[in-house]
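**Student:** Would you mind keeping the following structure in view while I ask a few things?
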Amino acid sequence: MCFTEYQISISGFHITMVAWLAGLAVATGWRRSQSATLWLPAQQAARWGAAATALAYAVFSGWGVPSQRTVWMLATVTLLQSLGRRWPWPLVLLAAAVVVTLADPLGLAAARLLAVVHGGRPAAVVGRRPGCGAGVKRE
């Protein structure tokens, strides 16, 4: 029998999903208050509430590299959308990529290094200990 330690991995998708749900909740609550909508439109409040929630969740989950990149991307998109202009999505994605690269310049090198070291093998195979996994007879 093979026992391994399990750790929870928080990906960018998890943080984005939590941010989206928080934005939905903020927008719903914000629209119920007339004075709040006069101060700031519900869509803006939802964006900033989602970004703040993403930051809090990323910090709470350990502020790993995927979490950091996601927060930088969400913050960039939130800021660009809050400026009151309609930005073309390719430009938004380019801006997010530039911000992430500036925040972690070695990220590109690390990603390339991982690709070279693992030689294109699936992630499920990389790091598997002998005797743990597919192909092992269990009685």
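**Student:** What number of residues in region 56-106 are touching a helix residue (DSSP H, G or I) at 6+ places or on another chain (Cβ under 8 Å), closer than 23 Å to GLN44 by Cβ and in a loop (DSSP other than H, G, I, E, B)?
**Tutor:** Residues flagged as touching a helix residue (DSSP H, G or I) at 6+ places or on another chain (Cβ under 8 Å), closer than 23 Å to GLN44 by Cβ and in a loop (DSSP other than H, G, I, E, B) within region 56-106 amount to 1.
**Student:** Going by what's in this entry, would GLY49 be described as modelled with pLDDT of 95 or more, surrounded by 14 or more Cβ atoms within 10 Å (Cβ to Cβ) and not aliphatic (A, V, I, L, M)?
**Tutor:** So GLY49 passes the test.
The values are calculated or read from the model by the stated rules, or taken from the named source; none is laboratory data. For clarity, every value in this text was computed on a predicted model and none was experimentally measured. We place every Cβ from the backbone using ideal geometry, glycine too, and count neighbours over all the protein chains shown.
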